[in-house]
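Some notes on the structure that comes next.
The values are calculated or read from the model by the stated rules, or taken from the named source; none is laboratory data. All values reported here derive from a predicted model rather than from experimental measurement. Quick reminder, even Gly has a Cβ in these numbers, built from the backbone with ideal geometry, and neighbours come from all protein chains shown.
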Amino acid sequence: MRKVGKEFDLGIRPEYVKISKESGDIEGKVVVVERLGTAILYHVELLSNVMLTAKTYTFIEVKEGDKVYLTLPREKVRVFSKDGERVI
């Protein structure tokens, strides 16, 4: 692995982000819940003012402002340098 530096962009598809009311790796706050046909998008603000979106096909009883927990499967996460080059 090559050294990236301090700044990087993290990428993950919303359908790989796991969302839970009980437990997970990252704590956040629900900002918007969007119902799009059979899919539901949960837009979550993390403590560091970073937005992350989780996509599910089952409704989780949360509303705007609720605390939730996200889990990012390591094998689905991509890391990019600030110039857009994929690092991981």
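When the stretch 35-44 is filtered for residues that are out of contact with any Lys or Arg (no Cβ under 9 Å at 6 or more places or on another chain) and surrounded by 11 or more Cβ atoms within 10 Å (Cβ to Cβ), only His43 remains. Here Thr58 passes the criteria (1) in contact with a strand residue (DSSP E or B) (Cβ under 6 Å, 6 or more places away or on another chain); (2) not in a strand (DSSP E or B) except the one numbered (1). Applying the criterion of being among the hydrophobic types (A, V, I, L, M, F, W, C) and more than 11 Å from Ile19 (Cα to Cα) to the residues of the stretch 45-55, the residue that is surrounded by the most Cβ atoms within 10 Å (Cβ to Cβ) is Leu46.
Among the residues of the stretch 1-31, none is identified as closer than 28 Å to Gly84 by Cβ, over 13 Å from the mean Cα position of the chain (by Cα) and at pLDDT 95 or above. Exactly one residue out of Leu47, Leu36, Leu52, Leu72 is of a type outside the set (D, E, K, R) and in contact with a strand residue (DSSP E or B) (Cβ under 6 Å, 6 or more places away or on another chain), and it is Leu52. Taking (1) touching a Phe, Trp or Tyr at 6+ places or on another chain (Cβ under 8 Å); (2) touching a residue at least 60 places away in the same chain (Cβ under 8 Å) in turn, Arg86 satisfies each apart from (2).
Residue pairs whose Cβ atoms lie under 9 Å apart, separated by 6 or more positions or on different chains, with the first residue in the stretch 9-34 and without any contact (Cβ under 8 Å) to a residue 40 or more places away in the chain and in a loop (DSSP other than H, G, I, E, B) and the second surrounded by 13 or more Cβ atoms within 10 Å (Cβ to Cβ) and of a type in the set (Asp, Glu), do not occur. Filtering the stretch 67-88 to residues that are in a strand (DSSP E or B) and not charged (D, E, K, R) leaves Val68, Tyr69, Leu70, Thr71, Val79, Phe80, Ser81. Taking the stretch 56-88 as the region of interest, how many residues are surrounded by fewer than 12 Cβ atoms within 10 Å (Cβ to Cβ) and either within 19 Å of Ser20 (Cα to Cα) or of a type in the set (Lys, Arg) (or both)? Residues that pass the stated criteria total 12.
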